[in-house]
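Below: one structure, written as C-alpha cells.
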Amino acid sequence: LDSTLKDYTYHRVETALTKEALLAKLFLEKDFPGYPRLKEVDSIADETGETISSRVTIIGLDGKVLGDSDLNGEKLEEVENHLYRPEVQEALETGIGHSVRFSTTIQKNMLYIAVPFGKEQTQGIVRLSLPLSDIEIISGHLKKALFFALLVAFGIAIVVSYIAARFISKPIEHISA
C-alpha cells in the first residue's frame, strides 16, 4: 500500500508539475515574444516560482542558466552549464523532458520537468522542479489519514461485533437459565 501511495502521489505531482511547466512556457511566449533582457529573466523565474510554488530555472540554448527562482546574483553566475542535463536534452529532442535525480546545486533529490519555449523558434528551456521530500511529506499525510481511517474502522468493527455477540448470546443465556 505504501508503494502504491508513493507511486500515485509521484504521478499526481509529476502531472501537476508538467501542466505548470507548460503554463510557464505560455507565459514566457506571450509576455516576451522576443528574447527578454538578461536582467529580466531572473525576476521572471522568481515571480513564476513564487506563483506556482516550484523552483523555476530558465536556461538558454547554450545551457547557461539565465534565471533561477532559488538563486540570485553571484550564485546564479556560478551555476554550471545545464545543456547536458537529462531533462533538458529530452525536452530539446521530444518537446518535454522528465528526470528524477540529485541536484548538485541545492543538494536534494528532485523531480524535474523541462519544456522548450519560443514562438517561431526555440529560445530556451523553462524547467520546473520539486524536491522529492515534498512527495514524501504528501505520502506521509496520506498514510496518517489511512491509519486514522483504519483505526476508526477497527473500533467500529469491535463495537458491532460486541453488539452482535450480545444479541446472539442473549437467547442462549435465556435458554440455559
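The values are calculated or read from the model by the stated rules, or taken from the named source; none is laboratory data. All figures in this text were calculated on a predicted structure; none of them were measured in a lab. Neighbour counts run over all protein chains shown; Cβ positions are idealised from the backbone, glycine included. The area values use the complete protein model at the heavy-atom level, side chains included, leaving out ligands, DNA and RNA. Shrake-Rupley method; radii C 1.70, N 1.55, O 1.52, S 1.80 Å.
Filter the range 141-155 for residues that are open to solvent by less than 70 Å² (accessible area, probe 1.4 Å) and over 25 Å from the mean Cα position of the chain (by Cα) and give the result. Selection gives Ala149, Val152, Ala153, Gly155.
Give the residues of the range 38-65 that are outside any helix (DSSP H, G or I), free of Cβ contacts under 8 Å to residues at least 24 places away in the same chain and open to solvent by 50 Å² or more (accessible area, probe 1.4 Å), sorted by residue number.
Going residue by residue through the range 38-65, those that are outside any helix (DSSP H, G or I) are 53-65.
With the extra rule that they be free of Cβ contacts under 8 Å to residues at least 24 places away in the same chain, the set shrinks to 53, 62, 64-65.
Within the range 38-65, Ser53, Asp62, Lys64 qualify.
Picking from residues in the range 108-140 that are open to solvent by 70 Å² or more (accessible area, probe 1.4 Å) and more than 15 Å from the chain's Cα centre (by Cα), the one that is nearest to Ala45 (Cα to Cα) is Lys119. Among residues of the range 93-107 being in a strand (DSSP E or B) and open to solvent by 70 Å² or more (accessible area, probe 1.4 Å), the one that is modelled with the highest pLDDT is Val100. Please find, within the range 160-177, the residue that is most open to solvent (accessible area, probe 1.4 Å) out of those that are among the charged types (D, E, K, R) and modelled with pLDDT of 85 or more. Across the range 160-177, the extreme among qualifying residues is Lys170. Scanning the range 140-177 for residues that are within 16 Å of Leu1 (Cβ to Cβ) and either among the hydrophobic types (A, V, I, L, M, F, W, C) or touching a residue at least 12 places away in the same chain (Cβ under 8 Å) (or both) gives Leu142, Lys143, Ala145, Leu146, Phe147, Phe148, Ala149, Leu150, Leu151, Ala153, Phe154.
Please tell me if Ile158 is under 15 Å from the mean Cα position of the chain (by Cα) and either of a type outside the set (Ser, Thr, Tyr) or not in a helix (DSSP H, G or I) (or both).
no
Does at least one position in the range 22-42 carry a residue that is modelled with pLDDT of 85 or more, within 20 Å of Ser103 (Cα to Cα) and among the basic types (Lys, Arg)? Scanning the range 22-42, I find no residue that is modelled with pLDDT of 85 or more, within 20 Å of Ser103 (Cα to Cα) and among the basic types (Lys, Arg), so the answer is no. Scan the range 31-40 and tell me whether some residue there is within 23 Å of the chain's Cα centre (by Cα) and of a type in the set (A, V, I, L, M). So far as the range 31-40 goes, no, none of its residues is within 23 Å of the chain's Cα centre (by Cα) and of a type in the set (A, V, I, L, M).
Yes/no matrix, rows are residues, columns are (1) of a type in the set (Lys, Arg); (2) assigned to a loop (DSSP other than H, G, I, E, B); (3) open to solvent by less than 20 Å² (accessible area, probe 1.4 Å):
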residue	(1), (2), (3)
Gly67	no, no, yes
Glu77	no, no, no
Asn81	no, yes, no
Ala91	no, no, yes
